[in-house]
């Protein structure tokens, strides 16, 4: 593509643009069917009082007005945002460290890179159930280690009791599960950084720490942005980790659990759709934030 | 940094933006649109145990043969030995009557099973012809179900526990026939009671608290994970059952009585305060995340003196650390005037779809599935508690399920509020779960009562 045939002008650009649209047309069509249609239906339904087995009437903004005063929804929004901020921050830092480590040449690097993906490859419900067993206060392995083997604690610790403990435990599991994903995305980014830049800096006398902050990190930013966007989207939609650990407990109900509860358990499809729409908007705000920050940094 | 510009002018950044927003919308829409609707089309037949004895003969075979060749689509339990015994009954019925039985295993979670059936029924589907209905759902589903009065004889109806018939009778229509039950029971360690000088299981919750405190103080020295009492404290339907038992045993009503919210009373508050006082003392604070499974594991590992659970936990007598060292008793009573043992009633009933194309064949299948012979067969082979006192009294059933010899005072959950029961139960278990984790009982009960009033209307 970089070789321009002689005499080619804007016509080629137009042709290429046409070809590009042609190539993405199937994707757009599929997206319209599997994403746009359900999204539009959800938005429409959010303006109705649709219930399963019942009737459906247009009620305008009533659902949204109810949401404003819904304490359970506020609580769900907060715990979701806290969880997102905590896990994405920790995963980004750990991910960078892991990626930089795995980018060095050492014996067994290939095996390490493969092993890294194991937590990410296990089905969430299964790995979280195993974590739940390990965290258990009466017969879990952590309390066995802390109390009986290492004598670091007097009493078995309740890792899920308070809201804070629950949030920290659930975040630890999520960090374990998804840091490898972040590290892998960043590793790909690291490998695209040309070695000559690093070498030039080294010749100029920059130490490893200086090189990391002055060269590696700025050049890694696009990859980091992709990783952060993906993780933030994922974290804001979190369902499985919380649901397996805490079920429908009030103070650990995330936005997605609250949606599921309203639609499936209570049959309130209209109200549940309104919560879905608000969640979608919240995610859009976060994505816009990232993209905006990145654009500013690029100037 | 350099931005690679595509021929069509979409920069990489904006491409990421478009992609990310699109992705977010897709995933969310997936979440908002019918997440977790339990189908009922999975699996089937994989779990039949090899050693199952033959099913009992079909007593109504003569009547059912008239519909030979008809196909009846029926829900069956989705897992475990229950699936196997029910399939065995279906095979027997097919062989003797010529009626084809097509089985649809249900999802494991009762609310998923409900959501699946409810959608089919609301859409006016003719199948499944025969449905399994959790005891908490008849009011919500009544409109879609066939009235069994007149189709079953009065003698057949009289075989069941009257309160189970009551739960399944909506607006004087019998919409489902009781199939099997389950009641909350107190499991206790006989060896530990002896060791600490107790001759009998506790009669009141106060006694249980004292006994558990003493046993735990002694046992904890050797086993730090030991606790006095384990139950179901997680925020889910099981906690609604536990809380119902505490409150009802304290003569504090059943949350909603005669369509009036009754929970805001001193007896209920006393019961909930006692339960709150257990946490971190005789119950591990992690009990607030326990379901049946965790309680079963803790008690089964020898880490608890008392446990509240359903009859199925008697399987711990086979090959667990506490085999031969425990017994079952009625749940304690509240130590107040009018306090008496109360056991949450769980269980399932069988119903016929009002839109079924072959209601007569469906009723005959229901008649066999719920017959005393079939109930005894399922009690012995898959530990399902019979819904008929006559079956529960049979010697072979009592040998299989020793807990049946004891008195129970079954208490129904407040299901009369119909389609809103799930919301009411969520209000109850979330409020009680928060109390167990230390929030104020009085204000919690007041808020719970307010939320319930909002639902009862």
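Computed from the coordinates by the stated procedures, all read-outs in this text should not be read as laboratory data. Note that the coordinates shown come from a computational prediction; the quantities given were computed from them, not determined experimentally. Cβ placement follows ideal geometry from the backbone for every residue including glycine, while neighbour counts extend to all protein chains displayed.
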(request) Be a star and scan segment B:341-361 for residues whose amide nitrogen sits under 16 Å from the point 7 Å along the Cα-to-Cβ vector of residue B:206. (result) B:341
(request) Give the order of B:297, B:227 when sorted by the count of other beta carbons within 10 angstrom, beginning with the fewest. (result) B:297, B:227
(request) Largest first and to the nearest Å, give the Cα extent of the protein assembly as shown along each principal axis. (result) 97, 66, 52
(request) Output the relative contact order of chain B, whole-number percent, from Cα pairs under 8 angstrom with separation of 6+ residues. (result) 22
(request) Return A:210, B:308 ranked ascending by Cβ neighbour count within 10 Å, so the fewest neighbours appear first. (result) A:210, B:308
(request) Express as a percent, rounded to the nearest 5, the fraction of DSSP beta bridges in chain B (both residues included) that run antiparallel. (result) 65
(request) Put one equal scatterer on each alpha carbon of segment A:61-298, apply the Debye formula with no solvent term, and list log10 I(q)/I(0) at q = 0.08, 0.13, 0.15 1/Å to two decimals. (result) -0.40, -0.92, -1.10
(request) Calculate, for residue B:196 and residue A:115, the FRET efficiency according to 1/(1 + (r/R0)^6) with r their C-beta to C-beta distance and R0 56 Å; round to the nearest 0.05. (result) 0.65
(message) Going by Cα centres, segment A:133-151 and segment A:62-116 are how many Å apart?
(response) 26
(message) So if I take the centroid of the Cα atoms in segment B:165-190 and the same for segment B:255-328, what is the distance between those two points in Å?
(response) 20
(message) Below 8 Å between Cα atoms, with a sequence gap of 6+, how large is the relative contact order for segment A:61-298 in percent?
(response) 29
(message) Restricting things to Cα coordinates, could you compute the convex hull volume per residue of segment B:305-345 in Å³?
(response) 71
(request) Would you mind classifying segment A:106-149 by shape? Square roots of the alpha carbon gyration tensor eigenvalues, ordered a ≥ b ≥ c; an a/c under 1.5 is rounded, otherwise it is prolate if a/b is larger than b/c and oblate if not. (result) oblate
(message) For segment B:285-326, take the convex hull of the Cα atoms, compute a quarter of its surface area, and give me that in nm², please.
(response) 2.8
(request) Please order A:69, B:296 by the number of other Cβ within 10 Å, starting at the fewest. (result) A:69, B:296
(message) Counting only Cα atoms, I'd like the Rg/Rh figure for segment B:259-415, Kirkwood definition for Rh.
(response) 1.03
(message) What does the C-alpha gyration tensor say about the overall shape of segment B:322-378? Classify as rounded when a/c is under 1.5, otherwise prolate if a/b is larger than b/c, or oblate.
(response) oblate
(request) Translational diffusion coefficient, Stokes-Einstein: compute it for segment B:89-226 using the Kirkwood radius over C-alpha pairs as Rh, at 25 °C and 0.890 mPa s, and state it as an integer in µm² s⁻¹. (result) 126
(message) Sequence gap at least 6, Cα distance under 8 Å: using those rules, report the relative contact order of segment A:155-291 to the nearest whole percent.
(response) 21
(message) Please compute the length gained on full extension between residue A:176 and residue A:144, using 0.36 nm multiplied by the number of residues separating them and subtracting their Cα-Cα distance.
(response) 9.5 nm
(request) Sticking with the crude label model, points 7 Å out along Cα→Cβ, report the distance from residue A:199 to residue A:23 in nm, one decimal please. (result) 3.2
(request) Set the Förster distance to 41 Å, then compute FRET efficiency between residue B:357 and residue A:64 from the Cβ-Cβ distance, nearest 0.05. (result) 0.40
(request) For the protein assembly as shown, give the share of DSSP beta bridges that are antiparallel, in percent and rounded to the nearest 5; count only bridges with both residues there. (result) 65
(message) Could you check the spin-label model distance between residue A:206 and residue A:293? Points 7 Å from the Cα along Cα→Cβ, value in nm.
(response) 2.2
(message) Need the C-alpha centroid separation for segment B:77-137 versus segment A:154-202, integer Å.
(response) 46
(request) Please provide three numbers in whole Å: the alpha-carbon extents of chain B along the principal axes, with the largest listed first. (result) 83, 64, 47
(request) Please identify which residues in segment A:157-176 have an amide N closer than 19 Å to a label point set 7 Å out from the Cα of residue A:101, following the Cα→Cβ vector. (result) A:172-176
(message) For the pair residue A:82/residue B:406, report the inter-label distance in nm, with labels modelled 7 Å from Cα in the Cβ direction.
(response) 4.0
(request) Specify, per residue and in Å³, the volume enclosed by the convex hull of the alpha carbon atoms belonging to segment A:25-183. (result) 220
(request) Would you mind checking segment B:296-334 for residues with the amide N under 13 Å from a putative spin-label position 7 Å along Cα→C-beta of residue A:133? (result) B:297-298
(request) Over 22 Å, how big is the tail of the calculated P(r) for segment A:171-280, in percent of all Cα pairs? (result) 53
